[in-house]
Amino acid sequence: MPAFSLEPAQTAWCRELRTLAADRLRPLAEKGEPGHVNRPLVAELGQLGLLSRLFTSGALDLCLMRESLAYACTEAETALALQGLGAHPVHAHGTPSQRERWLPRVADGIAVAAFALSEPGAGSDAAALSLTADPDGPSRWRLTGEKCWISNAPEADFCTVFARTTPGAGARGVTAFLVPADRPGLTGTALDMLSPHPIGSLAFDAVPVTGDDVLGEVDRGFRVAMGTLNLFRPSVGAFAVGMAQAALDATLAHTAQRDAFGGKLKDLQTVAHQVAEMALRTEAARLMVYRAATAYDEGAADVPKRAAMAKLLATETAQYVVDTAVQLHGARALRRGHLLEHLYREVRAPRIYEGASEVQRGIIAKELYANVEAAQ
Ligand SMILES: Cc1cc2nc3c(=O)[nH]c(=O)nc-3n(C[C@H](O)[C@H](O)[C@H](O)COP(=O)(O)OP(=O)(O)OC[C@H]3O[C@@H](n4cnc5c(N)ncnc54)[C@H](O)[C@@H]3O)c2cc1C
């Protein structure tokens, strides 16, 4: 299947997802409390069978889900993505008992997941993380430190937590742990952010963990984190493409009917050309996302570069498209509750999380030069 043309069944599935998002998920999203996990929404995603697809689908299907849901309900899109981000390390690296305990409940939308990598002193430079796993007997540790900007915290039922098991070893001394929310010593605080979904910080005060909580191998947790991000980065791009398409369609409808200067807004060539530019860039970003996701599904060697390119292009494009859509709508776009007022708040954070745009450029350059060195 070429990366740039979807099968008719995939196109039909995307249409169905958009309808589900508008009819079944949007009403639940509207009842949610800002800054809190919307459990009825997560449960409905489970009922619709979408969460279980996180563990059975490839990267392209994940992108199609995220793009289609984002088009009609960003809250549902993000709730789905966060279940995937937090639970993928369990799916890919968990023991049979970890998988049995958590994955069915994640898929049903009963257990809420979180992915806890960032810290106050380690964001873009994630390998500098300092949450410490101090030895506490054979195959036992105590986690001490802080995580911040963690989506779904502090309400998530479990977190994939990345902690330092070997001091001074950088990326090679990090271990991934599956930490249930009810562990003694684990507390959290909600943070009030511009981004609409729930985000918080987590404080670890000698939280006990054992070998049964390790995801993958001791000191190999950074690979768990990077493997998860390689899968999810193109899909952040898909989220952005879904938002850009929603902004574009709203702009087409608005400029076609808005009276201005004796005609419609669309009759002004500068307006029409801006809409054309929005469509052009959105389609280019979409193709880049599908190509990166297909590369992941094929197990291609250049996944890190393609994932970084797709995330970078799509998130920057969506920012441009949503901003232009606001401009072409005028004041009404800024009214609280307008689709574009919502998208304007949603579109900003993806340029920062899962690797800021500058970090993606760094990854792309590193991969390019590695190829040059390999060829010499
Ligand atoms: C809405 C939202 C949700 C989030 N959810 C999660 C989550 O669920 N789990 C989690 O672990 N984290 C999460 N984060 C945290 C996110 O991953 C970090 O914010 C991100 O990695 C950047 O780290 P920082 O904010 O500390 O910025 P810093 O690392 O301090 O970087 C600040 C800026 O410096 C520049 N910069 C940094 N590094 C480079 C470089 N190498 N080259 C050039 N310029 C550079 C960039 O402009 C960057 O934006 C979330 C963040 C947001 C905003």
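Every number in this text was worked out from the coordinates using simple rules, so none of it is lab data. Keep in mind it's a predicted model, so treat the numbers as computed, not measured. Virtual Cβ from ideal backbone geometry, glycine too; neighbours counted across all protein chains shown.
With 10 angstrom as the radius, rank Ser130, Ser118, Ser151 by how many other C-beta atoms surround their C-beta, starting from the fewest.
Ser130, Ser118, Ser151
For a footprinting-style exposure proxy, rank Lys305, Lys31, Lys266 by other Cβ within 10 Å, fewest first. Could the numbers behind the result be given before it?
Details: Lys305 21, Lys31 9, Lys266 18.
If I rank by nearby Cβ atoms, fewest first, I get Lys31, Lys266, Lys305.
Note down, for the stretch 113-217, the three equivalent ellipsoid semi-axes (square root of 5 times each alpha carbon gyration tensor eigenvalue), biggest first, whole angstrom.
Listed largest to smallest, the semi-axes of the stretch 113-217 are 22, 16, 11 Å.
Can you work out the Karplus-derived ³J(HN,Hα) for every residue in the stretch 254-268? Use 6.51 cos²θ - 1.76 cosθ + 1.60 with θ = phi - 60°, whole Hz, and x for glycine or proline.
With coefficients 6.51, -1.76 and 1.60, one gets 5, 5, 6, 10, 7, 6, 7, 6, x, x, 10, 4, 5, 6, 6 Hz.
Equivalent-ellipsoid semi-axes (√(5λ), Cα gyration tensor) for the stretch 242-288, whole Å, largest first? Could the numbers behind the result be given before it?
Numbers: eigenvalues 107, 24, 4 Å².
They are 23, 11, 5 Å, listed from largest to smallest.
What's the FRET efficiency of Glu217 with Glu277 using the Cβ-Cβ distance as r and R₀ = 51 Å, to the nearest 0.05?
0.60
Can you list the HN-Hα couplings for the stretch 278-289, worked out from phi with the Karplus curve (6.51, -1.76, 1.60; θ = phi - 60°), rounded to whole Hz and with x for Gly and Pro?
Each residue of the stretch 278-289 in turn: 4, 5, 4, 5, 5, 5, 4, 5, 4, 4, 5, 5 Hz.
For the stretch 193-210 and the stretch 132-159, compute the distance between their C-alpha centroids and round to whole Å.
Cα centroid to Cα centroid, the span is 9 Å.
Relative contact order for the stretch 113-217 using alpha-carbon pairs under 8 Å, separation at least 6, rounded to a whole percent?
About 30 percent, as a whole number.
For Gly200, which sequence-distant residues (separation of 5 or more, or a different chain) have an amide H within less than 5 Å of its own amide H, given hydrogens modelled in the peptide plane?
The answer is Trp149, Ile150, Ser151, Asn152, Ala153, Leu191.
Please arrange Thr78, Thr95 by how many other C-beta atoms lie within 10 Å of their C-beta, fewest to most. Show your work: numbers first, answer last.
Numbers: Thr78 27, Thr95 16.
Taking fewest neighbouring Cβ atoms as first place, the list is Thr95, Thr78.
Straight-line reach from Lys31: which aspartates and glutamates fall under 14 Å, measuring Cα to Cα and dropping same-chain residues less than 8 apart?
Reachable aspartates and glutamates: Asp23, Glu44, Glu75.
Going from the alpha-carbon gyration tensor of the stretch 8-107, what semi-axes, largest first and in whole Å, does one get by taking the root of 5 times each eigenvalue?
So the three semi-axes of the stretch 8-107 are 22, 18, 10 Å.
What is the percent of Cα-Cα separations in the chain that go past 29 Å?
42
To check my understanding: the extent here is largest minus smallest coordinate of the Cα atoms along each principal axis. What are those three numbers for the stretch 223-375, in Å, largest first?
Result, largest extent first: 63, 30, 24 Å.
If you add up the charges near Gly355, with Lys and Arg at +1 and Asp and Glu at -1, over every other residue whose beta carbon is less than 14 angstrom from its beta carbon, what do you get? If you can, show how the numbers build up before the last one.
Numbers: positive: Arg233, Lys305, Arg306, Lys311, Arg351, Arg361, Lys366; negative: Asp125, Glu316, Glu354, Glu358, Glu367.
Here the count lands on +2.
Set the Förster radius R0 to 35 Å, insert the Cβ-Cβ distance between Arg15 and Arg332 as r into 1/(1 + (r/R0)^6), and round the FRET efficiency to 0.05.
Numbers: r = 28 Å, r/R0 = 0.80.
In this case the efficiency is close to 0.80.
Given labels modelled 7 Å from the Cα in the Cβ direction, how far is it in nm from Ala365 to Thr56?
The modelled label-to-label distance comes out at 4.4 nm.
Give me the extension gain from Ala190 to Ala260: residue separation times 0.36 nm, minus the current Cα-Cα distance, reported in nm with one decimal.
Here the answer is 20.7 nm.
Give the peptides 212-225, 190-203, 79-92 in descending order of average Cβ contacts within 10 Å, highest first.
79-92, 212-225, 190-203
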